[in-house]
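Notes follow once the structure below has been shown.
Every number here is computed from the coordinates shown, using simple stated rules; none is lab data. Quick caveat, the model's predicted, so the values are computed rather than measured. A quick note on method: Cβ atoms are made from the backbone with ideal geometry, for glycine too, and the neighbour counts reach across all protein chains shown.
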Amino acid sequence: MAKPEDGENRPSGVEDSEGEQTYRYVSTTEVTEAFEHFRYGPSKRYVDAVYISEDGKQAVGVLKVTEAHCEGHFEGETNITGVDQIEAFAQTYLVGQYALDEYRRN
């Protein structure tokens, strides 16, 4: 997934209780590094991009669902299974935590 356009500082539909929250785009390189760190192979990745709030309390994962994600489950429909959705939530958390400098290993 491409980096958001200039001026886009948060994913749509996400707002904190006080209104505006600024989100940082986690670069493709950082996402790849996180997956390599946690030993996820390319076929087991359920997050294409991650946005993390500046305070580090919220993260939003983005996945472009394709027929490959649904193979053998929902013929002709692009629906992702509940188990895969939970895995996507977990991966969003892992990438978000990894993107925070204080959690990175040197």
Open item on the list: Can you classify the stretch 23-103 as rounded, prolate or oblate using the Cα gyration tensor, where a ≥ b ≥ c are the square roots of its eigenvalues, rounded means a/c under 1.5, and otherwise it's prolate if a/b beats b/c and oblate if not?
Closed with: prolate
Open item on the list: Within 12 Å, Cβ to Cβ, of V65, how many net charges do the neighbouring residues add up to if Lys/Arg are +1 and Asp/Glu are -1?
Closed with: -4
Task: the stretch 18-58: GluC sites (Glu not before Pro) in DSSP loop, at most 14 other beta carbons within 10 Å - done: E18, E20, E54
Open item on the list: Starting from the 7 Å offset along Cα-to-Cβ, what nm value, one decimal, do you get for the label separation of K64 and E20?
Closed with: 3.0 nm
Task: H37/Q85 FRET efficiency (R0 22 Å; Cβ-Cβ; nearest 0.05) - done: 0.45
Task: Label point distance in nm, D48-T28, each placed 7 Å from Cα along Cα→Cβ - done: 1.1 nm
Task: 13 Å beta-carbon shell around F35, net charge (K/R +1, D/E -1) - done: -2
